[in-house]
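Okay, so here's the structure we're looking at.
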Amino acid sequence: MQPITQTTIEQEKNMSLLAKRTQRIDSSGIRRIFELARSMKDPINLSIGQPDFEVPDPIKSAAIDAIQQGHNSYTPTQGIVPLREQLIAEEKAFTGRDYSLNQMLITSGVSGGLFLALLALVEAGDEVIIPDPYFVMYKHLVNLNEGTPVYLDTYDDGFTINPDKLEALITSKTKLLLLNSPGNPTGCIFPADQLKAIAKICDKHGVLIITDEIYREFAYAPMRSIAEFTDNCLLLAGHSKSFAMTGWRLGYAAGPIEVIDAMATLQQYSFVCAPSVAQYAALAAPQTDMSQQLADYALKRNLMSEALSSSFEVSSPDGAFYLFVKAPEGHDGDTFTELAIKNNVLIIPGSVFSERSSHFRICYTVPDAQLHKGAEVLCSLV
């Protein structure tokens, strides 16, 4: 029997202060890797999921101008009208959707939009279908709102969605389907024929689709949005990844008016509004050419895929900036990640993104010299 100490008493007291909902979520495995990186000397860091290029000069200049012109106060909760109008025009061009101003909400990043959406839509007893692998936040936000994550395993389908398997998971309790294309951690882009079939199934069963398209600008192959094929869809996208504005926290949500209205009300009492300076800076986005950065990342993807292919089972994904690599024989993703870290290479275990632990994730947004060195070390461990 463990002795009762003052520390134990303090820990129990602190736990009693916390709402039970905090016990439904775990600290992000990615965050733990970030903390570990700070304690290591010059690691080869293939873990951080953000671009390595600078915010483009036109957007920096627009941000500086916004500050100097006094755009430092709260904006309307829904976001500034010029940015919402700009995004409506962009969505019309990309998806064919003709959203109204009332269907567009500027959010504090896509993560902020996802938080508001699930808070508005999910309650106890609701089931949310999540294709596995998935972005780390999805299941935890469902759990936080007392929903039930239902996992759709995609490993045997090339990380795409088999419509028959999807429909088999739908019950009377199914509320939402969460999609992410291009995906984190897989980089997979769902093909148009699958999206059409998915839209048809969800329309048939009254299941709302949330599509997270934050990596839309990092598509190395043709990409379509499921928002093209159904009104029954909440689209989340943003500027954080495509313009290296990850710390600026700027995204948007577009979809059914009743959902957007509820999210705006919740934003009013939480985030209040998305960062004002970032909103004004984003007005410069259409004049900013990012084609060179996209081409550079396609080359990095090819470099890393080829460098690892002799020792690992790895594919060359169509989007985002990740490789989801199968751990070598004798290891799962967790044990191989531990081995890599002992050899000064930071990667993320696949179990952070999945109910399986067979893979690990690499982010290739680092200088080529680090990619070569990282691949050399990883291959030497097999």
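Taken together, the values in this text are just the output of simple stated rules run on the coordinates, not laboratory data. Not measured: the values here are computed from a predicted model. Methodologically, a virtual Cβ is constructed for each residue, glycine included, from the backbone with ideal geometry; neighbour enumeration extends over all protein chains shown.
Quick look at the numbers
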| item | result |
| --- | --- |
| Dipole axis of the chain (+1 Lys, Arg; -1 Asp, Glu on Cβ), positive-most option in Gly113, Val345, Pro76 | Pro76 |
| Mean Cα-pair separation over length for the chain, i.e. relative contact order, pairs under 8 Å, 6 or more apart, % | 23 percent |
| Neighbour count of at most 16 Cβ within 10 Å plus DSSP loop: longest chymotrypsin sites (Phe, Trp or Tyr not before Pro)-free window in the chain | 75-268 |
| Lys/Arg +1, Asp/Glu -1 at C-beta; segment 129-170 dipole; positive extreme among Gly158, Leu144, Leu169 | Leu144 |
| Two-decimal ratio, segment 73-286, of alpha-carbon radius of gyration to 2.2 N^0.38 Å | 0.96 |
| Computed helical MRE - 222 nm, the chain, DSSP H runs ≥ 4 contributing -39500 (n - 2.57), nearest 500 | -12000 deg cm²/dmol |
| DSSP-defined antiparallel bridges as percent of all bridges, the chain, nearest 5 | 45 percent |
| Magnitude of the charge dipole, segment 158-271, Cβ model with Lys/Arg +1 and Asp/Glu -1, debye to 20 | 220 debye |
| For segment 127-178 versus segment 81-107, the gap between their alpha-carbon centres in whole angstrom | 27 Å |
| Those GluC sites (Glu not before Pro) in segment 271-380 that DSSP places in a loop and that have at most 10 other beta carbons within 10 Å | Glu329 |
| Dimensionless Rg ratio for the chain, taking C-alpha atoms and the 2.2 N^0.38 Å reference | 1.01 |
| Relative contact order (%) - segment 224-287, alpha-carbon pairs under 8 angstrom, separation at least six | 27 percent |
| Computed over segment 206-316: relative contact order in percent, which uses C-alpha pairs under 8 Å that are six or more apart | 20 percent |
| FRET efficiency, 1/(1 + (r/R0)^6) with R0 41 Å, evaluated for Ala192 and Glu376 via beta carbons | 0.60 |
| Neighbourhood charge, 11 Å Cβ-Cβ cut-off, centred on Leu195 and excluding it, Lys, Arg +1 and Asp, Glu -1 | +1 |
| Förster radius 25 Å - calculated FRET efficiency between Ser100 and Gln292, Cβ distance, rounded to 0.05 | 0.10 |
| Dipole moment magnitude, nearest 20 debye, the chain about Cα centre, only Lys, Arg, Asp, Glu C-beta charged | 640 debye |
